[in-house]
């Protein structure tokens, strides 16, 4: 028999510390949907998704009920849509995806994407230019664009274009604080098996379908650290590792069950600590539990580095296949501690950029003034992509230039996407830099063969 | 299928009797049981065996209904989740 304390500890983690499985994401290849006629493409895509994911939500709910663990989201990721677009209308394709996702009842569908780290095909460019319209006229479709890799360098033409696209996407959803930008990620070194939104897509190296699971549990880590106040970092790291192990085992169990019941191969467990805007579910509060008065003050980067590394070390043994982004997420609007730190003026864009050097993603869910120029947004993307390229890691930018708003104002998206104060950006122009275009060459250490 | 039933609530007579009786009526075998009072709170953990997978929801729903009627907190979870978290 299991020990009573272990059972009660698990219940406490779920009830009080908000342990959950953040997402079961079914990756679906749409490569076989490519079609000579646009209408044929829309129909094939709709049919393929609704057939493959028919039982996804129901299965997720059954697992949730049987194991007593909340599974917050059921999602779909698809082959980057630009690869199958051909001469079809990208907006109509996005709308077909939206209809399919709603038909099967998932929360989000990711993969309205283009991989343009070296250059853009005609279809890539058409899709990218259609992103504002596509996101404004759909509800659950998410988009991502990969503009750089360590192997290819950074496609600065794409970086320039994405600055404009983000501005247009914000403008198209002006009445909702530029909400479309919350569904759009610009990546460097994007991964092919990420289950988290908005950046999930089903890579070309994947099979027909796969099940990827993203765990969560910042509240559990914080609660564990409350038991070792004042202890040296060795103890902190060990405590996080032990906790991450338990969290990840739940993810592995859920992934295996979902895979078996849906008869779809298990892909990976993503070890990310994903926060929500509710109290007790914050990554920032973990950093503050380590001894920082407010996240963003000096020491924050070191604290995050330790957290990120310990989560991976603890989690890696708990799962047969670890993948995705795997690390700590620091989305500003989705984390109550980050929101408070930004409100207090302690968390700046520069500090967030430094933090992205040591954690799993990048500048995430950050609201900036609506009058920020497209070139400045492109320059922010270029900086972040450079960090990813040089450090051989994934970085991303999901930034919202809130139309009509400026520093001192707030944006409110609601639900898991939360709310955030507008953070200032530099006023000085980067236009001449961005206008150069071309490609930043791959770094010397990419030549490893 | 093995499942863990945890029952929490204000201590009073008849809790074990009521839960065990319900499980008996549903044909569920109790494999192990431990019970204690923590600061006046009744805490019981049962390991049960549900014969058929399809019966899981029936047993769970009946226990949750009883929880509401008796003002208790009852959780039913497959035991695999505890094994996964606490056993290597």
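Structure values in brief
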{"read-out": "Failed condition for residue A:58, given (1) in contact with a helix residue (DSSP H, G or I) (Cβ under 9 Å, 6 or more places away or on another chain); (2) at pLDDT 95 or above; (3) within 14 Å of chain B (Cβ to nearest Cβ)", "value": "(1)"}
{"read-out": "Selection status of residue B:69, within 13 Å of chain A (Cβ to nearest Cβ) and either loosely packed, with under 15 Cβ neighbours inside 10 Å or in contact with a helix residue (DSSP H, G or I) (Cβ under 6 Å, 6 or more places away or on another chain) (or both)", "value": "no"}
{"read-out": "Lone unmet requirement of (1) buried (at least 23 other Cβ atoms within 10 Å of the Cβ); (2) away from chain B (no Cβ under 14 Å); (3) in contact with a strand residue (DSSP E or B) (Cβ under 8 Å, 6 or more places away or on another chain); (4) part of a helix (DSSP H, G or I) for residue A:41", "value": "(3)"}
{"read-out": "Residues being surrounded by fewer than 24 Cβ atoms within 10 Å (Cβ to Cβ) and at the interface with chain B (Cβ under 10 Å from one of its Cβ atoms) - total across the stretch A:8-32", "value": "6"}
{"read-out": "Selected residue [within 14 Å of chain B (Cβ to nearest Cβ) and buried (at least 22 other Cβ atoms within 10 Å of the Cβ)] from A:264, A:185, A:250", "value": "A:250"}
{"read-out": "The stretch A:238-247, residues that are closer than 20 Å to residue A:216 by Cβ and more than 14 Å from chain B (Cβ to nearest Cβ)", "value": "A:239, A:240"}
{"read-out": "Residue A:297 vs. criteria assigned to a loop (DSSP other than H, G, I, E, B), at pLDDT 95 or above and surrounded by 20 or more Cβ atoms within 10 Å (Cβ to Cβ)", "value": "no"}
{"read-out": "Some residue of the stretch A:404-416 being more than 25 Å from residue A:192 (Cβ to Cβ) and assigned to a helix (DSSP H, G or I)", "value": "yes"}
{"read-out": "Any hit, the stretch B:39-62, residues being away from chain A (no Cβ under 13 Å), surrounded by 19 or more Cβ atoms within 10 Å (Cβ to Cβ) and either touching a strand residue (DSSP E or B) at 6+ places or on another chain (Cβ under 8 Å) or at pLDDT below 95 (or both)", "value": "no"}
{"read-out": "Within the stretch B:73-88, considering residues that are closer than 20 Å to residue A:15 by Cα and out of contact with any helix residue (DSSP H, G or I) (no Cβ under 7 Å at 6 or more places or on another chain), the one surrounded by the most Cβ atoms within 10 Å (Cβ to Cβ)", "value": "B:79"}
{"read-out": "Residue A:63 being within 14 Å of another protein chain (Cβ to nearest Cβ) and free of Cβ contacts under 8 Å to residues at least 60 places away in the same chain", "value": "no"}
{"read-out": "Qualifying residue in the stretch A:423-436 (condition: within 19 Å of residue A:145 (Cβ to Cβ) and part of a helix (DSSP H, G or I))", "value": "yes"}
{"read-out": "Residue within the stretch A:103-113 that is assigned to a loop (DSSP other than H, G, I, E, B), touching a strand residue (DSSP E or B) at 6+ places or on another chain (Cβ under 8 Å) and on the phi > 0 side of the Ramachandran plot present", "value": "yes"}
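Rundown of residues vs (1) under 20 Å from the mean Cα position of the chain (by Cα); (2) in a helix (DSSP H, G or I), yes/no style:
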position: A:324; (1), (2): yes, no
position: A:332; (1), (2): yes, no
position: A:341; (1), (2): no, yes
position: A:346; (1), (2): no, no
position: A:352; (1), (2): yes, yes
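The values are calculated or read from the model by the stated rules, or taken from the named source; none is laboratory data. Owing to the predicted nature of the structure, the values given are computational and were not obtained by experimental measurement. Don't worry about glycine lacking a Cβ; one is built from the backbone with ideal geometry, like all the others, and counts go over all protein chains shown.
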